[in-house]
1. Which residue pairs have Cβ atoms under 9 Å apart, sit 6 or more places apart or on different chains, and have a first residue in region 216-231 that is in a loop (DSSP other than H, G, I, E, B) and a second that is polar (S, T, N, Q)?
2. Mind counting the residues in region 425-463 that are surrounded by 21 or more Cβ atoms within 10 Å (Cβ to Cβ) and among the polar types (S, T, N, Q)?
3. Could you check region 98-116 and list, in sequence order, the residues that are surrounded by fewer than 20 Cβ atoms within 10 Å (Cβ to Cβ) and either touching an Asp or Glu at 6+ places or on another chain (Cβ under 6 Å) or over 21 Å from Ala356 (Cα atoms) (or both)?
4. Is it true that some residue in region 264-271 is part of a strand (DSSP E or B), among the β-branched types (Val, Ile, Thr) and either touching a residue at least 24 places away in the same chain (Cβ under 8 Å) or surrounded by fewer than 22 Cβ atoms within 10 Å (Cβ to Cβ) (or both)?
5. What number goes with the only condition from (1) within 19 Å of the chain's Cα centre (by Cα); (2) within 29 Å of Phe280 (Cα to Cα); (3) crowded, with 19+ Cβ neighbours inside 10 Å that Asp160 does not pass?
6. Could you run through region 54-97 and say how many residues are surrounded by 22 or more Cβ atoms within 10 Å (Cβ to Cβ) and at positive phi?
7. How many residues are of a type in the set (Val, Ile, Thr) and buried (at least 17 other Cβ atoms within 10 Å of the Cβ) when one looks only at region 117-146?
8. Pairs please, first residue from region 469-490 and more than 16 Å from Pro456 (Cα to Cα), second anywhere and among the charged types (D, E, K, R) and surrounded by fewer than 18 Cβ atoms within 10 Å (Cβ to Cβ), Cβ atoms under 9 Å, 6+ apart in sequence or on different chains.
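The values are calculated or read from the model by the stated rules, or taken from the named source; none is laboratory data. The shown structure was predicted, so the numbers you read here are calculated from the model rather than taken from an experiment. Cβ: placed from backbone, ideal geometry, glycine included. Neighbour counts: every protein chain shown.
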Amino acid sequence: MKLNAFNQPLTFVLLFLTTQFSFSREVAQAQTQAVPVTTPKSICPAQLGTVVDAVVNRPLFSRVRWGILVQPLSSGQTLYSRDAQKYFTPASNAKLLTTAAALQQLGASFRIRTSIYQNRDGVLRIVGRGDPSLNDTQLQALATQLKQKGITQIKQLIADDSYIQGDIVNPTWQWEDVQSDYGAPVNSFILNQNVFSFKIVPQTVGKLSQVVWNDANEARQWRVVNQSITVAKGQPSFINVTRNLSGTILRIEGQLAENSEPYLLNLPVVDPNYYFLRRFRAALTTEKITLGQTLVANGGENQQEMAAVESPPLSDLLTETNLNSNNLYAEALLRALGFKQTKVFNKNTANNGLEAVKASLTQLGVDPANYVLVDGSGLSRRNLVTPEALVQTLRGIARTPTASVYRASLPVAGKSGTLKNRFQNTPAEGIVQAKTGTLTGVVSLSGYVNAPQYEPLVFSIIVNQSEQPATVIRQAMDEIVVLLTQLQRC
């Protein structure tokens, strides 16, 4: 067993380079409401090309790349296609591929278990298996179970980080992403989605704003240089946060208006393993269990299981992944696939997961030449996916016994998730289920349409290389989707 105090890949050092955090959250899944559009009450399939082209070919979009494919769910007949076989950056539409593979390979009832074992020498080992849903409540449950077993003192606790191997942040992610909560690191120990939080609270005019930490233990990990000022009511509020090369200094700049709401910041943890151990020590303290030395290990022997907690079933994990476009969940599921792919340690678990995704999608009838994936969430701009691949995935999973589980994980137009505020008061409300995606210059939307006067449809729309605001692109996409709901047999 190899013990180490800091066993992280070299690429994680990138997290600590001084970078300004962006709180615009364009990548962070929130979708704006599209203005209701006026469409014909009915459209014949032969007319679909004309009406969709009228949207796509507007002068506003003359420099934009569109990729579109629309097919009936029951067949491969094409109702509309534009560059559907060409590669596009899919953004979070990549989650459709990851979650389809996870459902096929792991099953809807699959759960991720976190265990504590006791060895013959009395040392306790906690084994993390990359549960993205693990939070302080589950940590407390583990501590309670240990207390019920009569444990009042732990001389040494080893955190086994061998389950997930390789980079804990994808080396192709952009600077602003790995410095934001939606780009949090993924390893064997994920707790509270591997982010920590604090608030910046305005004071009286001219005074420094106050930094209020949710976790006193986390506050002790940082030296805060607070230069944020409280300004008069009615003045704009803005906050910038940077951290230095060593990852120990947080510099806060900007201003907050007097009596304005506190500014909440969620930032990725620096070292997930030791963040987990700090929080677990606090949980043990509430059970009056003293904890001595803590170490991080890579491998070891599991003997008597003393305590364990499990994640919700995969069906629930898929819902969080797709409904709220949760990047960390998608990356954790990719690694769960990778661990099933091989039990050999010291390999890159995420890469193994990508191989598992490819094998699973091929079984579903997805042409492997139609996509190139480098992560599970779609946060990387090196992902390449054709609209055809997304439609093939949606059609393929619809033919499986778990089709209803997959479909239930998708946002419903005007009702839930990232589509809650889109398609309201349009014919698409309640009858479209689709996955959104957004990066700077990229907007995507792929899913199903239960057309009331036509058979069910599957579609994929991706826009790349756009200089237009994402809201403008979404408006046009929503117009196209509403047109699909008006199809009828003629």
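1. The qualifying pairs are Gln221/Thr248; Trp222/Thr248.
2. Residues flagged as surrounded by 21 or more Cβ atoms within 10 Å (Cβ to Cβ) and among the polar types (S, T, N, Q) within region 425-463 amount to 7.
3. Arg111, Arg113, Ser115
4. Kept after step one, since they are part of a strand (DSSP E or B), are these residues of region 264-271: 264-268.
Subset that is among the β-branched types (Val, Ile, Thr): none.
No.
5. All conditions pass for Asp160, except number (1).
6. Residues that pass the stated criteria total 1.
7. Residues of region 117-146 of a type in the set (Val, Ile, Thr): 123, 126-127, 137, 144.
So of that shortlist, the ones also buried (at least 17 other Cβ atoms within 10 Å of the Cβ) come out as 123, 126-127.
Qualifying residue count for the region: 3.
8. Ala470/Glu26; Ala476/Arg58
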